[in-house]
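Okay, structure first, notes after.
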Amino acid sequence: MGQGTSQLDKHQEALRLLTPHFELGKVLWSRIQSLLDTTSIIFLNNYIPVELRTKWRFVFATAVHGAGFSGLVREITKKGPTVLVLRDKHGHVFGGFASHSWQLHHAFYGDDQSFLFQLKPNISIYHPSGYNTNFMYLNHGQQTMPNGLGMGGQFEFFGLWIDSYFGKGHSKAKPKCVTFNSPQLSFEEDFEIEFLEVWALGGEPAKVSPTKNDSDSILDKDPGAKAMLSLIGRGPVSEGLREKDATASSPEEHTLPLM
């Protein structure tokens with residue numbers, strides 16, 4: 001009996017060392033079932049940089065925050081590296097590890113610590129191939145660039161893409177995503193999201209206080225130009241025409257089924 005208890009204690013201690021500490025927030029987890037189980041967490045943690053493995057912070061789930069891209073952007077930006085995992089309506093579970101904080105950007109960024117993965121029906125990791133550096137992309141509210149969240153591939157042909165028209169995405173690979181050498185992760189190339197969740201890894205990044213208001217117009221940043229326009233009778237023509245908050249609520253929110 002004592003020997004059996006000792007073995008059990010060793011097993012539990014091994015699991016404790018392999019699994020991270022979770023910061024779950026104020027969420028009624030009795031009503032929500034995560035897509036990640038102990039096996040998948042240990043599997044993913046083995047490929048995540050060592051300094052990020054000990055703490056996972058819950059930041060987003062469609063069952064908690066709703067099915068809106070604006071909400072996703074608001075909750076995941078500037079949170080540090082993240083694991084994004086989703087399930088399509090056919091039961092395939094897959095996602096990506098983003099090694100940098102998500103931020104709105106008109107071009108790809110990130111580094112080669114990022115990877116894509118699949119957890120169901122197969123369990124696999126797909127590391128960068130070295131072919132290009134198209135690791136992470138996030139844009140919203142733009143007319144000339146794709147709006148959505150992407151990892152790998154290229155515009156309109158991502159290894160993993162979450163469209164800003166939330167609830168839809170694609171995983172294109174004919175035969176492989178060139179950035180991560182990954183196959184099609186979803187059951188169908190164009191998929192519908194059944195459930196999506198995001199976890200930030202490691203400690204929270206330090207908050208940097210901006211020296212100027214990011215929403216300032218060009219006239220706020222150049223008082224001389226503002227005064228000159230007033231003197232010649234044109235007035236501050238851009239007053240009030242400031243950039244909209246790309247993470248603000250917008251009409252493109254849709255309903256996804258809860259688990």
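The values are calculated or read from the model by the stated rules, or taken from the named source; none is laboratory data. None of the values given here were measured: they were computed from a predicted structure. Counting neighbours? That spans all protein chains shown, and the Cβs are built from the backbone with ideal geometry, glycine included. SASA here: full protein model, heavy atoms, side chains in, ligands and nucleic acids out. Shrake-Rupley method; radii C 1.70, N 1.55, O 1.52, S 1.80 Å.
All conditions in (1) of a type outside the set (Lys, Arg); (2) open to solvent by less than 10 Å² (accessible area, probe 1.4 Å); (3) out of contact with any Gly (no Cβ under 9 Å at 6 or more places or on another chain) hold for Glu188, with the sole exception of (2).
Within segment 161-173, being open to solvent by less than 60 Å² (accessible area, probe 1.4 Å) and within 16 Å of Val73 (Cβ to Cβ) holds for Trp161, Ile162, Asp163, Ser164, Phe166, Gly167, Gly169.
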